[in-house]
Amino acid sequence: MVCIRCKMVVKDELTKAGLHYTVVELGIADIEENISDGQRHQLGEALQRWGLELMDDKKSALAGKIRNIIIEMVHYTDEPLTINFSEFLSLKLLHDYTYLANLFSEVQGITIEKFIIIHKIDRIKELLAYDQLNLTKISYLMNYSSVAHLSTQFKKVTGLTPTQFKKLVEKKIL
């Protein structure tokens, strides 16, 4: 639950279910009353219709928080981190990074690093399609050490260089 729209959906579905909340934030909804199994099931189905999921156990909830932090960092933050991501995540979630990494892999079936790379490449595709930044600025924004590193990783994931991808996008637009 990263975007404002997602939070609005969760608030709306909680209200429809007759549940009162104090907070709806990144992967968390604080509900004032106890929820029956029927309400929990109904809420879970309502959220699934919106592409969201209700996480019942603590491991899934923590993995969801990790996922949301990564998505928020990659897609909605324009300032590069000043510390490495593992330290950032540990400080934000108050857990050892090794624990977080193992838990995330167990629940999501993918490593944190691969999940970050997938989302970084998706964001780079968006930035290339918008054609407002050059590769040097994109590599800085996405926290790559160089344009060459970005290009290598981009090609490894997509099979195309950033320039080839940009040309394909331009052909489809025109």
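Heavy-atom accessible area with a 1.4 Å probe sorts Met73, Met8, largest first, into Met8, Met73. Taken over the Cα atoms of the range 1-131, the convex hull encloses 129 Å³ per residue. Sequence-ordered 3J(HN,Hα) estimates for the range 33-38 from the Karplus curve with 6.51, -1.76 and 1.60 and θ = phi - 60° stand at 9, 6, 9, 6, 4, x Hz, glycine and proline given as x. Once backbone amide H atoms are built at 1.01 Å from N, Tyr21 has Glu32 as its partners under 5 Å, excluding neighbours fewer than 5 places away on the same chain. Once the chain from Thr98 to Phe85 is taken as fully extended at 0.36 nm per residue, the excess over their C-alpha distance is 3.4 nm. Across the range 36-158, C-alpha contacts under 8 Å between residues 6 or more apart give a mean separation that, scaled by the residue count, equals a relative contact order of 21 percent.
Converting phi to 3J(HN,Hα) with the Karplus coefficients 6.51, -1.76 and 1.60 and the offset θ = phi - 60°, the range 7-20 yields 5, 5, 4, 4, 4, 5, 5, 5, 5, 4, 7, x, 9, 9 Hz in sequence order, with x at every glycine or proline.
May I ask you to derive the relative contact order of the range 72-139, considering only C-alpha pairs under 8 Å and at least 6 residues apart, and to give it as an integer percent? This gives 28 percent for the range 72-139. Round to the nearest 0.05 the FRET efficiency obtained for Ser105 and His20 when R0 = 45 Å and r is the Cβ-Cβ distance. According to the calculation, E is roughly 0.80.
Net charge of the neighbourhood of Glu25, taken over other residues with C-beta under 12 Å away and scored Lys/Arg +1, Asp/Glu -1, is +1. Please determine, in degrees from 0 to 90 and to the nearest 10, the orientation of helix 147-158 with respect to the longest principal axis defined by the Cα atoms of the chain, where the helix direction is its Cα long axis. For 147-158 against the chain, the angle is about 60 degrees.
Which log10 I(q)/I(0) values, to two decimals, does the range 99-158 give at q = 0.18, 0.24, 0.30 Å⁻¹ under the Debye formula with one point per Cα? For the requested q values the scattering log ratios are -0.65, -0.93, -1.22.
The distance between label points at Ile118 and His41 comes to 3.0 nm (points 7 Å beyond Cα on the Cα→Cβ vector).
How charged is the neighbourhood of Val169? Take every other residue with its Cβ under 9 Å from the Cβ of Val169, and add Lys/Arg as +1 and Asp/Glu as -1. Surrounding charge for Val169 is +3. Among the chymotrypsin sites (Phe, Trp or Tyr not before Pro) found in the range 97-141, not one is both in a DSSP coil and sparsely packed, with 16 or fewer other Cβ atoms within 10 Å of its Cβ. For the range 1-150, the solvent-accessible area of protein heavy atoms averages 61 Å² per residue (probe radius 1.4 Å; ligands and nucleic acids excluded). A convex hull fitted around the alpha carbon atoms of the range 55-174 yields 118 Å³ per residue.
The values are calculated or read from the model by the stated rules, or taken from the named source; none is laboratory data. The shown structure was predicted, so the numbers you read here are calculated from the model rather than taken from an experiment. FYI the Cβ positions are ideal-geometry reconstructions off the backbone, even for glycines, and counts take in every protein chain you see. Just the protein is used for accessible areas: all its heavy atoms, side chains included, with ligands, DNA and RNA removed. Shrake-Rupley method; radii C 1.70, N 1.55, O 1.52, S 1.80 Å.
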